[in-house]
Amino acid sequence: QVPLVESGGGLVQPGESLRLSCAASGYFFSISAMNWYRQAPGKQRELVAAITSGGSTNYADSVKGRFTISRDNAKKMVHLQMNMLKPEDTAVYFCHQVSGPYWGQGTQVTVSS
């Protein structure tokens, strides 16, 4: 069973929104910090948003005020609500569970007019 599975990516126009979801099936989810990373072509993977087991959040400066990370421990899900998307947000987005650690396979987000 794959520990983390992302969904929700797609092609949108600038200014639109997407909601990414990550379904966890491994151990330690409820006590683990969870992260969303992204990797654009030719660039290094970067941390976009993080949430602790207690719900504290942190964001990259480039997405502050536009993205919101949340978690549902009962459903073992993590979400990334992305608003006011920009072309520079285009990347493959990965879910990451710190306790494991585990990585998802990634979901493509493309922002283009």
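For the residue pair R66 and K86, what label-to-label distance in nm results when each label sits 7 Å from Cα along the Cα-to-beta-carbon direction?
0.5 nm
Using Cα pairs under 8 angstrom and six or more residues apart, how large is the relative contact order of the chain, in percent?
38 percent
Would you please name the trypsin sites (Lys or Arg not before Pro) within the range 8-53 that are DSSP coil residues with at most 12 other C-beta atoms within 10 Å of their C-beta?
On the way: sites: R19, R38, K43, R45; in loops: K43, R45.
Taking the range 8-53 and a limit of 12 other Cβ atoms within 10 Å, the loop trypsin sites (Lys or Arg not before Pro) found are K43.
On average, how much accessible surface per residue is there in the chain, in Å², for a 1.4 Å probe, leaving out ligands, DNA and RNA?
On a per-residue basis, the chain sits at 52 Å².
What ³J(HN,Hα) values, in whole Hz, does the Karplus curve 6.51 cos²θ - 1.76 cosθ + 1.60 give for the range 51-63 when θ = phi - 60°, with x put for Gly and Pro?
9, 7, 4, x, x, 6, 10, 8, 9, 5, 4, 5, 10
So how far apart, in nm, are the two label points at S99 and Q13 if each is 7 Å from Cα heading toward Cβ?
The modelled label-to-label distance comes out at 4.4 nm.
Among 88-94, 53-59, what's the highest-first ranking by average C-beta atoms within 10 angstrom per residue?
88-94, 53-59
At 10 °C and a viscosity of 1.306 mPa s, what translational diffusion coefficient does Stokes-Einstein give for the range 1-51, taking Rh as the Kirkwood radius over Cα pairs? Give it in µm²/s as a whole number. Intermediate results must be reported in sequence, preceding the final value.
Working: Rh = 13.1 Å.
Using the Kirkwood radius from Cα pairs, D works out to 122 µm²/s.
The values are calculated or read from the model by the stated rules, or taken from the named source; none is laboratory data. If you're wondering where the values come from, they're calculated on a predicted model, not measured in any experiment. Reconstructed Cβ throughout: ideal geometry from the backbone, glycine too, with neighbour counts over all protein chains shown. Side chains included, ligands, DNA and RNA excluded: accessible areas come from the protein's heavy atoms. Shrake-Rupley method; radii C 1.70, N 1.55, O 1.52, S 1.80 Å.
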